[in-house]
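Below: one structure, written as structure tokens.
Coordinate-derived values only; no laboratory data. Being a predicted model, the structure only gives us computed values, none of them experimental. No Cβ is skipped: glycine too gets one built from the backbone with ideal geometry, and neighbour counts run over all protein chains shown.
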Amino acid sequence: MHLNNLAKMSRPGHILIGGGTGFIGTTLCKQLKSKGYGITVISRMPGVNRLSWGELQDKGLPKGTTAVVNLAGQNVMDFSRRWTAGFKQNVFFSRVNTTKTLAGLIDNATCKPEVFVTISGVGIYKPDSEKEYTEESQVTPFDFFSDLCNQWEKAAHFEKPDSQKQCRIVTIRSGVVLGRDGGMIKQMYLPFYLGLGGPVGTGCQYMPWIHLNDLTNLIIYSIETPKVHGVLNGVAPNPCTNMEFTKAFGKALSRPTLFPVPSFVLNCLLNKERAVMITEGQKVLPKKTLSTGFKYQYPDIESACREVVSK
Ligand SMILES: NC(=O)c1ccc[n+]([C@@H]2O[C@H](COP(=O)([O-])OP(=O)(O)OC[C@H]3O[C@@H](n4cnc5c(N)ncnc54)[C@H](OP(=O)(O)O)[C@@H]3O)[C@@H](O)[C@H]2O)c1
């Protein structure tokens, strides 16, 4: 047998990844490749080993797909974009419609992948200074982001009962993802590096977070562990407040953090509806994630911040 064919046969699987070109997706693809997985990315931009959303709808799931992951979504924290009705619609539909498309394709595929991993956010839980939220907590939409998360999660469900038996669904409710090259850290690295960083508002609000490597490991763990299904909180096991994060990040950079950013400034600059992601927070625990046996590489904010600034 030709060596290439032998290599293909011994691969652990082939993963289809929506939004695989982004901050989380790029690291996920790298880790999957290093484990020997084959990858096809769904992207709006053409490229090698890529499919567009249109091509996917025309052709169906690529043959031999063993897992599907969806990370697609218009960047909410793109501060160059104003929080208009049109932008909000993009934010909403780029998540809900892509997830629906993938669920529909799995539903209709004769040969189904083993697992469909989708992402959602901790914004599904109502900000509260005392309440502790786990995967078992009741969730009722109360604002734009909680409604988005609810619809996003529902969009992953299959219509056919048989599909539910054949393909596991795992929904990871992610906290703020900490990594050097994207997300929140990319926005705040420079001011903190220049010694101009500080807490947001009083800094007392919780800031559910997870290190990028832990999130991508959790996605791979969800793919590889048949007993894992349903909602997992994608947050570190040691929750921290915005002030605790600010201090840890400043310490890792050896910089003071003396300049608080008043909440009203962010409300004016970003729009109050969007700024809640930073000005308010909730205490979220990964109870079920831990009970499945998942092990974190960066369980505390100090080690996570040290890794983020070490690059
Ligand atoms: N980063 C965080 O802290 C965090 C926290 C919680 C949840 N999440 C969720 O995790 C997912 C990935 O996050 P990320 O930080 O990796 O985001 P990202 O870097 O902005 O990447 C998202 C990807 O989505 C695709 N995309 C963007 N706009 C789209 C649109 N209008 N329609 C279809 N696809 C679109 C892009 O792929 P193409 O340009 O190649 O099409 C992009 O690579 C997002 O859904 C995000 O909401 C992230």
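The local environment of PRO161, defined by Cβ-Cβ distances under 15 Å, has a net charge of +1 under the rule Lys, Arg +1 and Asp, Glu -1.
Label zone of CYS204 (point 7 Å out along Cα→Cβ, amide N under 20 Å): in the stretch 99-135 this covers 126-133.
Per 5 Å bin, what is the whole-percent P(r) computed from every C-alpha pair distance within the stretch 1-147? Histogramming the stretch 1-147 at 5 Å steps yields 2, 8, 15, 18, 17, 15, 11, 7, 3, 2, 1, 0, 0 percent. Close amide H partners of GLY19, meaning residues 5 or more places away or on another chain with modelled amide H under 5 Å apart, are ILE42, LEU71, ALA72. Once each of the GluC sites (Glu not before Pro) sitting in a DSSP loop with at most 16 other beta-carbon atoms within 10 Å is removed, the chain keeps 160-311 as its longest stretch. Both radii come from the Cα set of the stretch 65-123: Rg as radius of gyration, Rh as Kirkwood radius; their ratio Rg/Rh reads 1.08. Taking amide hydrogens as placed 1.01 Å from N in the peptide plane, the amide H of SER120 sits under 5 Å from those of ILE172, ARG173, SER174, each at least 5 positions away in sequence or on another chain. Between LEU190 and ARG11, the modelled labels are 4.0 nm apart [label points 7 Å from Cα along Cα→Cβ]. Phi-derived couplings, Karplus 6.51 cos²θ - 1.76 cosθ + 1.60 at θ = phi - 60°, listed residue by residue for the stretch 19-29: x, x, 8, x, 4, 6, x, 4, 5, 4, 4 Hz, with x used for Gly and Pro.
How fast does the chain diffuse by Stokes-Einstein, in µm²/s, taking the Kirkwood radius from C-alpha pairs at 10 °C and 1.306 mPa s?
My calculation gives 79 µm²/s for D.
The convex hull of the Cα atoms of the stretch 161-245, projected and averaged over all directions, covers 7.1 nm². In degrees from 0 to 90, rounded to the nearest 10, what is the angle of the helix 212-224 Cα long axis to the longest principal axis of the chain? Helix 212-224 sits at roughly 30 degrees to that axis. Computed with the Debye formula from one identical point scatterer per Cα of the stretch 12-86, without solvent, the log10 of I(q)/I(0) at q = 0.25, 0.28 Å⁻¹ comes to -1.17, -1.36.
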